[in-house]
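The values are calculated or read from the model by the stated rules, or taken from the named source; none is laboratory data. Computed from a prediction, not measured in an experiment: that's the story for all the values here. All Cβ positions, glycine included, derive from the backbone under ideal geometry; neighbour counts span all protein chains shown. Please note that ligands, DNA and RNA were not included when accessible areas were found on the heavy atoms of the full protein model with its side chains. Shrake-Rupley method; radii C 1.70, N 1.55, O 1.52, S 1.80 Å.
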Amino acid sequence: MLASDRVTLAAGDVYGPAVSLPPDLEAAIVSRLGRLGMSRSLLEVSDEARQVSADLGGLTFAYPLGDALVGQACDHVIDGERYGTLDPILAEAVQGRFGAPRGPVLPQVQEAAVSAEVSPAGPEPSMAQLAQEGRGWAEEDLVLLAQFPDAAERLAARRASLRTEVAEEGGPAIDRAMLETLIQAVEGSTDSEGSGEMAGARVTVRRSTPAAGAAAAGPGGSTVAGPADDHMHRVLSPMVGTFYRASSPEADPFVREGQKVEAGEVLCLIEAMKLFNEITADVAGTVRTIAVENGHGVEFGEVLFVIEPVAK
Amino acid sequence: MKLLVANRGEIAVRVIRTARELGIPTVAVFSTADAESAAVHLADEAVCIGPPPPNESYLVMRNVIGAGEITGCTHVHPGYGFLSENATFARACADAGITFVGPSPDVMERMGDKVQAKDAARAAGLPVLEGSDGAVSDFAEAQEAAKRAGFPVLLKAAAGGGGRGMRRVDTPEELPNAFDVAQREAIAAFGDGGLYVERLLEGARHIEVQIVADGLGGVLIAGDRECSIQRRHQKLVEEAPAPNLPDATRNAMHQACIDAARAWNYKSAGTLEFLVDAQANFFFLELNARLQVEHPVTELVSGLDLVAEQLRVASGEVLSRTGVAVANGHSIEVRVNAEDPSVDFRPSAGRLREFHMPGGPGIRVDTHCRQGVMVPPNYDSLMAKLCVWAVDRPRAVARMARALDEVVIEGVPTTVPLFKEIMRERAFMEGKYTTAYLTEHADALPTLGSG
C-alpha cells in the first residue's frame, strides 16, 4: 500500500500479472536483461517469446525448448531484428526432432531452420550409438547415461571399481546393492550371520566382533567390505571444494586404485576460493576406491578414498 | 541467477521461499547438525559445510564460498547473523565471482564500527546522542565528554555489541572505576579497548526504520517498527507501524532516513535504529546493514517482499517501488524462542515432541521447526516467528492472543507463556511502553518469575 502522492513507480511492476511465462524462464529473462541494463524490456521479451512460439508452429515452453524460445526472443528484442539467426535447438524442433509442429511454421523460420547448422547426431547420443560403445551396460543404464551423462558415468566408474576390487582378490563380480541388502539384513536382525547367492558364488556376511574384524567370507565366497563397520579406512573431505586427483591437468594422478600409500602421502587436492589444499592419507595402506571423479565438487564429510590399512 | 543461501534456520527457509516464487534455483549450506533441516529439504541442492559448531561450519568462509563455487551459484544471500555483516566475507565473495546480496563491503565496514557509523550519521544530518567525538583515548577525554553530554552516560566499546563493554555511569564520581572496567571488558571481548561516551536516554523507545535502496538513486522507506520489548538488548516483540508515534516525528524520521541512504549511497535492505524519548525526539543508534529478524511485520503492512527487493537490487535492477510505503493495518511479531523466561531466558536445547503453530486468518509463521526435530544447542534459540496482521492494533493484539493460545510446543521451554501475559497486559494493550517494559511491568508478568 503506497501513498500515491509520494511514490514514483520506478520500473513498472515487473513481476505483475501481465507476464505469464513459467517463473523460471521469467527469472532467466530478468537476469539476462538486468545484465544488459534493459530491465524495462521484460514485457516486450515475454510477448516476443509467445510470438516466436506461435511462429514456430506452437512450440511449448518446456525443457529444452523454453530456454531456446526465450533466448531467441531476447535476441530479437536486443538486436531489433527477427530471425537474423535461429537457435539450433529451435531449428531442430521446426524440422520435427521433437515431434511434428502443432501448427504452420512461418516460411521465414522454415528457411532459417534449413540453413541453420544442425549437428547430424543431435546433441545427445542415440541409444544405438551407446549400445555400440558397449561397456556391457544394461539398457536401463544406457538410458541413464543418455539422460544424465555426468552422474551415470560416475555411477559406472564407482561400480566398475567395486567390481575390480572384488575381482582382484580372485572372486567373481558381486552386485553391490544385493550385498548391501544382505548386510542390512544381518545388521537389522539378531542373527550373527546371513548368506546369499550372488553371481554364482555364495556370500556370507557375519556380524563383526571387536576381535574378529569385519564381514568374513563363507566357504567358496569372497572377502568383501561392508559399508560402515569394517576394517576399511575412509578418508573424508575436511572441507568444501573441487576435487583434483593431480597437481595439474597434465600431471599424473597422486594415487590410483590399488596403489600402496604411506601415512602423510598426498592423495588429492581440494580447491576453494582459488586455494589448493592438500589432502593426505592418515593411514598407510592400499587405495581400494577413489570415490570422487576428478574435477567434481565435494562437500564436508564426503568419502574421498577408501584405504585398506596395512595389517598390524 | 542461482542463489547460495549462506545461513540456517528460519531465515534460510524464508530466503528460499522467495527464491522459489521467483523461479531462482537455490543451494542450501548445512552443518552436520542440520542435515535434516527444512532448508535442506526446500533448496534445490544442499552442501554440507562442516560439523555443528558455527566457527567450523557457517562461519568458515572457505567452505561457504566453496559450496557456491562447486554448485555454480551467481549470488549469495547471507541472511542475518553469521557472515551477514562481515565485510571480509563480502569481499571474498566478490573475488570468487559471486555477488553478495547486501550493501558494499565499504559501507558494511564503516557502519560496523560504532564510532565511524556515528560520524557518518552526523555527516548525513541524522540526530545523534551527545557524547564523545569518536573513541576516547584516556580517562581525561572521557571525563570531558561525559560532562558535555550530561549524566547519566553510557560507556560503550567502539568495536562492541551485545551489551559487552557497556557501562552505565550515573555520577561523575563513578566514572573512573566504570571506565577501567569497561575498557578491560572491551579488550577482553573485542581485543580493542576503544570506548566512547554517550548520553544515556531514559524512558526511551526503540524504533527503527526499514529502508531498501538500489544504489541508483531509488530509496524506499518500507516502514517503521517498534521493538522496545527486549531482554539483554535482544528483541522479543516487534510491531509495525510503531504505535503512538506522532505523525510529525514519523515523517521527520522517514525523511531523515531517505537523506541518509542517499548520502551514504546505500544499496540493498537496511535498518536504521533510533531511540525516541518521551518528547518524541529521535536519535540515531546504528545501521543494521542486512535483513533483520523482524522484517515480516513490515512486509505484512506494506505488501512488499523485502527479500525479492534485495535480489532485484543485487542483480543491478531498480527497486519495484520508491518513496514511502504507507502501513496498511497493523502487524505484531513474537519470537518463539527455546528459552525459559523464568530463569533469565536461559536457552535450552531438546527434541520437539510436539510442535504445532497456529493458523487461520491473518497469521504468518516463519519457522524451520517441526515435530520430532532437535533444537541443537549450537545455534541461537529462535524456533519460530509468529506474526499476525489485522486492520488495526487492538484487533492485532487480540489476534496474537488467540494465536498464542493455539501454540503447542513440548520438549523445550518457550517464551510463549510470557507473550500470552504481555498480550493481556494493560500498558502493552495501550501501546505505551519503553525499553524498560519487562522490568517495569514484571508484576503483571508472573512468567518472568522475578515477582
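State the extension gain, in nm to one decimal, for the chain segment bounded by B:Asp259 and B:Thr171, taking 0.36 nm per residue of separation less the distance between their alpha-carbons. If you can, show how the numbers build up before the last one.
Values: separation 88, 0.36 × 88 = 31.68 nm, distance 3.66 nm.
The span from B:Asp259 to B:Thr171 would gain 28.0 nm if fully extended.
Per residue, what volume in Å³ does the convex hull of the Cα atoms of region A:22-101 enclose? All intermediate terms of the calculation are to be shown ahead of the outcome.
On the way: hull volume 6.3 nm³, N = 80.
Dividing the Cα hull volume of region A:22-101 by its residue count gives 79 Å³.
Counting Lys and Arg as +1 and Asp and Glu as -1, each charge on the Cβ, what is the dipole of region B:154-255 about the Cα centre in debye, to the nearest 20?
Magnitude of the dipole: close to 220 debye.
Go through region B:28-41 residue by residue and turn each phi into a ³J(HN,Hα) via Karplus (6.51, -1.76, 1.60, θ = phi - 60°); whole Hz please, and just put x for glycine and proline.
For region B:28-41, the Karplus-derived couplings read 8, 10, 8, 8, 4, 6, 10, 4, 9, 6, 4, 4, 5, 6 Hz, x marking Gly and Pro.
Can you give the accessible area of A:Phe276 in Å² (nearest 10), computed on protein heavy atoms with a 1.4 Å probe?
Approximately 120 Å² of A:Phe276 is accessible to the 1.4 Å probe.
Apply the Karplus curve 6.51 cos²θ - 1.76 cosθ + 1.60, θ = phi - 60°, to the phi angles in region A:237-252 and return the couplings in whole Hz, x for Gly and Pro.
So the Karplus estimates, Gly and Pro as x, are 6, x, 7, 10, x, 9, 8, 10, 8, 9, 6, 7, x, 8, 6, 5 Hz.
Amide H neighbours of A:His233 under 5 Å, at least 5 residues apart or on other chains, H built in the peptide plane: list them.
Correct list: A:Ile307, A:Glu308.
Measure up B:Lys385/B:Lys420; B:Lys114/B:Lys156; B:Lys267/B:Lys385 against 19 Å on the Cα-Cα distance and list the ones that go over.
Details: B:Lys385/B:Lys420 15 Å; B:Lys114/B:Lys156 9 Å; B:Lys267/B:Lys385 26 Å.
Distance filter (> 19 Å) returns B:Lys267/B:Lys385.
Given H placed on each backbone N at 1.01 Å, which residues far from B:Thr414 in sequence or on other chains put an amide H within less than 5 Å of it?
B:Glu339
Hey, could you grab the Kirkwood Rh for region B:328-451? Inverse mean 1/r over distinct alpha carbon pairs, Å, one decimal. Let's see the in-between values first.
Values: mean 1/r = 0.0665 Å⁻¹.
For region B:328-451, inverting the mean 1/r across all distinct Cα pairs yields 15.0 Å.
Below 8 Å, C-alpha to C-alpha, sequence gap of six or more: please give me the relative contact order for chain B in percent. All intermediate terms of the calculation are to be shown ahead of the outcome.
Numbers: 1015 pairs, mean separation 60.4, N = 451.
Dividing the mean separation by the residue count of chain B yields 13 percent.
Which percentage, to the nearest 5, of the DSSP beta bridges contained in chain B is antiparallel? Before the final figure, lay out the partial values.
Numbers: 61 of 77 bridges.
Rounded to the nearest five, the antiparallel share is 80 percent.
How much space per residue, in cubic angstrom, does the convex hull of the C-alpha atoms of region B:226-307 take up?
On the way: hull volume 9.0 nm³, N = 82.
Measuring per residue, one finds 110 Å³ for the Cα hull of region B:226-307.
For chain B, max minus min Cα coordinate along each principal axis, in Å, sorted largest first?
Per principal axis, max minus min of the Cα coordinates gives 59, 51, 42 Å.
Ballpark to the nearest 100 Å², how much total accessible area do A and B bury together, probe 1.4 Å?
Details: alone 18540 and 17800 Å², together 33530 Å².
About 2800 Å² of accessible surface is lost on pairing.
Any idea of A:Asp282's accessible area? Nearest 10 Å², probe 1.4 Å.
100 Å²
Set the Förster distance to 41 Å, then compute FRET efficiency between B:Val128 and A:Ala100 from the Cβ-Cβ distance, nearest 0.05. Mind showing how you got there, number by number?
Values: r = 72 Å, r/R0 = 1.76.
According to the calculation, E is roughly 0.05.
Please tell me the relative contact order of region B:1-114 in percent, rounded to the nearest whole number, where contacts are Cα pairs under 8 Å and at least six residues apart. Don't jump to the answer; show the numbers that get you there.
Working: 209 pairs, mean separation 29.2, N = 114.
Value for region B:1-114: 26 percent.
Mind listing the long-range amide H neighbours of B:Ser228? Cut-off is under 5 Å, sequence gap 5 or more, other chains count too, H placed in the peptide plane at 1.01 Å from N.
B:His206
Once you compute Rg and the Kirkwood Rh from C-alpha atoms, what is the Rg to Rh ratio for region B:141-278? Write down the numbers at each step before the final one.
Working: Rg = 17.3 Å, Rh = 16.8 Å.
So for region B:141-278, dividing Rg by the Kirkwood Rh gives 1.03.
Scan chain B and note any complete DSSP helix (H) whose C-alpha atoms cover at least 18 Å along its axis and whose Kyte-Doolittle average is 0.0 or more.
Going by DSSP H runs, the hits are B:175-190.
Might you report the magnitude of the Cβ-based charge dipole of region B:179-310 about its Cα centre, with Lys and Arg at +1 and Asp and Glu at -1, to the nearest 20 debye? If you can, show how the numbers build up before the last one.
On the way: 11 positive and 20 negative charges, 26 e Å.
Charge dipole of region B:179-310: 120 debye, to the nearest 20.
Using 1/(1 + (r/R0)^6) with R0 = 35 angstrom and r between the beta carbons of A:Leu275 and A:Leu155, what's the FRET efficiency to the nearest 0.05?
Values: r = 30 Å, r/R0 = 0.86.
FRET efficiency, A:Leu275 to A:Leu155: 0.70.
Karplus couplings for region B:341-348 from phi (6.51 cos²θ - 1.76 cosθ + 1.60, θ = phi - 60°), rounded to Hz, Gly and Pro as x?
For region B:341-348, the Karplus-derived couplings read x, 7, 10, 6, 6, 5, x, 8 Hz, x marking Gly and Pro.
How much accessible area does A:Thr85 have with a 1.4 Å probe, in Å² rounded to the nearest 10?
That residue has around 100 Å² of solvent-accessible surface.
May I ask you to list the chymotrypsin sites (Phe, Trp or Tyr not before Pro) in region B:259-309 that are in a DSSP loop and have at most 10 other Cβ atoms within 10 Å of their Cβ? Write down the numbers at each step before the final one.
On the way: sites: B:Trp264, B:Tyr266, B:Phe274, B:Phe282, B:Phe283, B:Phe284; in loops: B:Trp264, B:Tyr266.
Answer in residue order: no site qualifies.
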